[in-house]
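> Would you mind keeping the following structure in view while I ask a few things?
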Amino acid sequence: MGKIILYTIVACLVLLGCEPKDNTPHTIASGHVYSSGSGKPIAGVTIYMYDGLPYSNKGSSRMDSTKTDSTGYFHIELDGEEPVLLPYKENYSFTYAVGGAAIGIMPLESGISHNNIAINLDGEAGFNPILMNRVDMTYEEKVIISVYSKWGDPYGTLTKWGNGPHEYTNYLPKGELVLGDSYVRYKLEVTRSNVMNTFMDSVFIATGTVYRDTIWY
C-alpha cells in the first residue's frame, strides 16, 4: 500500500507538475526611465530589483537586473517579501520620496504587477565658464555671477574684479553641480562707474559634460 502511495506522489510531481508551491510573493515591475532635465527617455539604464529594505531582516539575497531599451522601457520580475527598485546609470542620480523623505531606492508592494512606472533620473553636469569683459574695467569695478543649481535655487555666487579673463572657479574642476540635459540659468551683475546692470541668460549643458565656454559681459 505504501509503495502505491509513493508511486502516486511521484507521478503527480513528474507528470502533472503539482510540486509544492513556493509562497514567496512574485512581483512584476515595468515602465520607462526619463531624464528630468529634458523629459526624454534614457536608454541603457541598469534597473536592479532586489529583495530587502534597509535595516530589515525580512529580505533575502534574491536580485535581478535588466537594462532599458532605446525607448527607456524596462520589465523585471522577482520573488521576495520586500521588492525594491534601484536604477543606475553613470552621471545620473535618483531620489524617491517616502513620507516626505528623499531616498535613493523605490520600494514596491510585493506580490502584484506594477505597470507604467515612470522613473526620473537627474543628469549631473558641471558649470565652470570663463568670464570676460568687452569693455575695459578698473580694479574697483566688478562682475558678480550667480548660478541656479541642480535643484533650482540660486547659489554659487562669485565676485570677480577688474579685467578678465576670470575663471569661474579653479577649486572645483567641474565647477558647480547643475542639472544636465537642461538649460542652466545664470545671472550677471556688472558694476561700472558705480552703476550696476543685471543680465540673465541660460546655456544648455548635456549630462556628463562641463560647460567651459566664455561668457562675455
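The values are calculated or read from the model by the stated rules, or taken from the named source; none is laboratory data. Computed from a predicted structure; not experimentally measured. We place every Cβ from the backbone using ideal geometry, glycine too, and count neighbours over all the protein chains shown. Just the protein is used for accessible areas: all its heavy atoms, side chains included, with ligands, DNA and RNA removed. Shrake-Rupley method; radii C 1.70, N 1.55, O 1.52, S 1.80 Å.
> Looking at this structure, is Lys142 touching a Phe, Trp or Tyr at 6+ places or on another chain (Cβ under 6 Å) and within 20 Å of Glu176 (Cβ to Cβ)?
When the stated conditions are applied, Lys142 passes them.
Matching residues to (1) at pLDDT below 80; (2) among the hydroxyl-bearing types (Ser, Thr, Tyr); (3) open to solvent by less than 90 Å² (accessible area, probe 1.4 Å):
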| site | (1), (2), (3) |
| --- | --- |
| Cys12 | yes, no, yes |
| Gly17 | yes, no, yes |
| His32 | no, no, yes |
| Ala43 | no, no, yes |
| Ser61 | no, yes, no |
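> Here's something else I'd like to know. Does the range 47-59 hold any residues that are modelled with pLDDT under 95, open to solvent by 50 Å² or more (accessible area, probe 1.4 Å) and under 18 Å from Pro25 (Cα atoms), and which are they?
Quick first cut of the range 47-59, residues modelled with pLDDT under 95 only: 52-59.
Those still in the list that are open to solvent by 50 Å² or more (accessible area, probe 1.4 Å) too: 53-55, 57-58.
Leu53, Asn57, Lys58, listed by residue number.
> Separate question: Please report, ordered by residue number, the strands (runs of 3 or more DSSP E) entirely within the range 144-217 with at least 2 residues that are under 17 Å from Asp122 (Cα atoms) and open to solvent by 30 Å² or more (accessible area, probe 1.4 Å).
176-179, 182-192
> Now for a separate question. Restricting attention to the range 130-143, does a residue exist that is touching a Lys or Arg at 6+ places or on another chain (Cβ under 8 Å) and open to solvent by 70 Å² or more (accessible area, probe 1.4 Å)?
Yes.
> Which of the residues that make up the range 98-117 are part of a strand (DSSP E or B) and in contact with a strand residue (DSSP E or B) (Cβ under 6 Å, 6 or more places away or on another chain)?
Result: Ile103, Met106, Pro107, Ser113, His114, Asn115, Asn116, Ile117.
> Right, something else. Can you name the condition, by its number, that Phe94 falls short on among (1) more than 18 Å from Glu124 (Cβ to Cβ); (2) under 18 Å from the mean Cα position of the chain (by Cα); (3) of a type outside the set (Gly, Ala, Ser)?
Condition (1) is where Phe94 drops out.
> Which condition breaks for Gly123 when tested against (1) over 30 Å from Tyr73 (Cβ atoms); (2) open to solvent by less than 50 Å² (accessible area, probe 1.4 Å)?
For Gly123, the failing item is (1).
> Then there's this: Quick one: in the range 68-88, which of the residues that are within 12 Å of Asn120 (Cα to Cα) and crowded, with 17+ Cβ neighbours inside 10 Å is nearest to the chain's Cα centre (by Cα)?
Taking the candidates together, the pick is Pro87.
> Another question, then. Taking the criterion of being aliphatic (A, V, I, L, M) and either touching an Asp or Glu at 6+ places or on another chain (Cβ under 9 Å) or surrounded by 18 or more Cβ atoms within 10 Å (Cβ to Cβ) (or both), would at least one residue in the range 95-105 satisfy it?
No, that holds for no residue.
> Among all residue pairs at least 6 apart or on different chains, which show Cβ distances below 7 Å where the first residue, located in the range 57-69, is part of a loop (DSSP other than H, G, I, E, B) and the second is exposed (fewer than 15 other Cβ atoms within 10 Å of the Cβ) and modelled with pLDDT of 95 or more?
Close Cβ pairs satisfying both conditions: Thr68/Ala43; Thr68/Gly44; Asp69/Ala43.
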